[in-house]
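Down below is the structure, laid out as structure tokens.
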Amino acid sequence: MSKLLPPNSTKFEMNFESAFSRVSNIEVNIRSFNDPLNAPVEVLPWLAWERSVDVWNKDWTEIQKRQVIQTSLKNHSIKGTIGSLDGALNSLGFPIVVQEWFNMVPQGKPYTFNIFIKTSQNNISKFDFKELTKVVRTYKNLRSHLTGISLVLESTSNIYTAAAVITGQEIEFAQAAGGLYLDGTWLLDGSYRLNGVNLSE
């Protein structure tokens, strides 16, 4: 890098120029900083602030943090709907089914709802329940009230089916014309041929 300082520069100015002339050689991928899925982990809290993430916890996994940031703008655009609840909880890794009061059997109190969390194992802790409740209160509409959260355990298995088609014919042989009928009434003693001819006659 060419020197731009005048000959009468101070020692500090020359050292400053020498140190900062190497800054341009440091690779900083600025484009990835604003991408929730590719940004460095260290900038995720600031990216969450930029995207106005309503519920944030530093103890979440990296995947959860990235998903929450990724879906934040969409969830804000539909806030107060079932879709926003579904999106916010799905981003934390909890697929849900929302049951509103008019779908309950018997019918529930107006403007109440239940949430069913689908999971493959009983792995939701008290901390998870607290976080889920916080997210629900943030993204539900103001008139609705959560009456219960239930776990729906799902298990997967492989089912194998098989089928076979067999075709064929059944043929029943009766006594051939002019031949012997092997009914046990005669012996193979050389007096008969197999075509029924009596050799003794």
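The values are calculated or read from the model by the stated rules, or taken from the named source; none is laboratory data. All figures in this text were calculated on a predicted structure; none of them were measured in a lab. Cβ placement follows ideal geometry from the backbone for every residue including glycine, while neighbour counts extend to all protein chains displayed.
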- Item | Checklist (1) farther than 25 Å from G87 by Cβ; (2) assigned to a loop (DSSP other than H, G, I, E, B); (3) of a type outside the set (V, I, T) applied to N57, failing item | (1)
- Selection count where residues are part of a helix (DSSP H, G or I) and hydroxyl-bearing (S, T, Y), scope segment 60-89: 4
- Query: Given (1) under 30 Å from Q67 (Cβ atoms); (2) outside any helix (DSSP H, G or I), where does S9 come up short, assuming only one miss?
  - Reply: (1)
- When only residues in segment 67-112 that are among the basic types (K, R) and out of contact with any Gly (no Cβ under 9 Å at 6 or more places or on another chain) count, which is farthest from A48 (Cα to Cα)? K109
- May I ask you to say which residue of I117, I124 is crowded, with 18+ Cβ neighbours inside 10 Å and out of contact with any helix residue (DSSP H, G or I) (no Cβ under 7 Å at 6 or more places or on another chain)? I117
- Message: As an exercise: evaluate V28 against (1) without any contact (Cβ under 8 Å) to a residue 24 or more places away in the chain; (2) surrounded by 13 or more Cβ atoms within 10 Å (Cβ to Cβ); (3) assigned to a loop (DSSP other than H, G, I, E, B); (4) not basic (K, R) and give the number of the one condition it does not meet.
- Response: (2)
- Message: Looking at segment 151-171 only, could you name the residues that are touching a strand residue (DSSP E or B) at 6+ places or on another chain (Cβ under 9 Å) and either assigned to a loop (DSSP other than H, G, I, E, B) or among the acidic types (D, E) (or both)?
- Response: E154
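Yes/no per residue for (1) crowded, with 20+ Cβ neighbours inside 10 Å; (2) more than 15 Å from the chain's Cα centre (by Cα); (3) within 18 Å of S125 (Cβ to Cβ):
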{"residue": "T61", "(1), (2), (3)": "no, yes, yes"}
{"residue": "D86", "(1), (2), (3)": "no, no, no"}
{"residue": "L89", "(1), (2), (3)": "yes, no, yes"}
{"residue": "W101", "(1), (2), (3)": "no, yes, no"}
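Conditions tested, residue by residue: (1) within 23 Å of Q67 (Cβ to Cβ); (2) out of contact with any strand residue (DSSP E or B) (no Cβ under 7 Å at 6 or more places or on another chain); (3) modelled with pLDDT under 85; (4) in a helix (DSSP H, G or I).
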| residue | (1), (2), (3), (4) |
| --- | --- |
| K3 | no, yes, yes, no |
| M14 | no, yes, no, yes |
| E17 | no, yes, no, yes |
| L37 | yes, yes, no, no |
| L44 | yes, yes, no, yes |
| L47 | yes, yes, no, yes |
| S52 | yes, yes, no, no |
- Kindly indicate whether any position in segment 90-104 is in a loop (DSSP other than H, G, I, E, B), in contact (Cβ under 8 Å) with a residue 40 or more places away in the chain and out of contact with any Cys (no Cβ under 9 Å at 6 or more places or on another chain). yes
- Message: Could you tell me how many of the residues in segment 130-150 are farther than 17 Å from F94 by Cα, outside any loop (DSSP other than H, G, I, E, B) and of a type in the set (A, V, I, L, M, F, W, C)?
- Response: 0
- Message: Against the condition under 26 Å from W56 (Cα atoms), among the aliphatic types (A, V, I, L, M) and surrounded by fewer than 17 Cβ atoms within 10 Å (Cβ to Cβ), how does V105 come out, does it pass?
- Response: no
